[in-house]
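The values are calculated or read from the model by the stated rules, or taken from the named source; none is laboratory data. Treat the numbers as computed from the prediction; the structure is a model and nothing was measured. Here the Cβ positions follow ideal geometry from the backbone for every residue, glycine too, while neighbour counts run over all protein chains shown. The area values use the complete protein model at the heavy-atom level, side chains included, leaving out ligands, DNA and RNA. Shrake-Rupley method; radii C 1.70, N 1.55, O 1.52, S 1.80 Å.
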Amino acid sequence: MFLSVADRTRIELEQFQAPPRLPAEYHSGEITGPGTLVCTKCGRQVAFVTTGEIEPCPECKNITFQRAQTSQ
């Protein structure tokens, strides 16, 4: 019984050490940081200079977005 609890604790601690992943999809009403989001329906890019609330797409009123790919 002790081993099952210890093993679960080890797994949970490893998850804290893993680098955070960015969400794959953003929705209107959520708050986002600076950057560009792309509408998943029409492809319209919406740029955020500062932190702000995501509004529906100004082009097609869609409510889902993805972070624009940055070229490095």
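Please give, to one decimal in nm, the separation of the simple spin-label points placed at E14 and K61, each 7 Å out from Cα toward the Cβ.
So the two model labels end up 4.8 nm from each other.
Using only the heavy atoms of the protein chains and a 1.4 Å probe, how would V49, V38 rank by accessible area, largest first?
V49, V38
Would you tell me the accessible area of E53, worked out with a 1.4 angstrom probe on the heavy atoms of the protein chains, in Å² to the nearest 10?
Accessible surface of E53 is approximately 100 Å².
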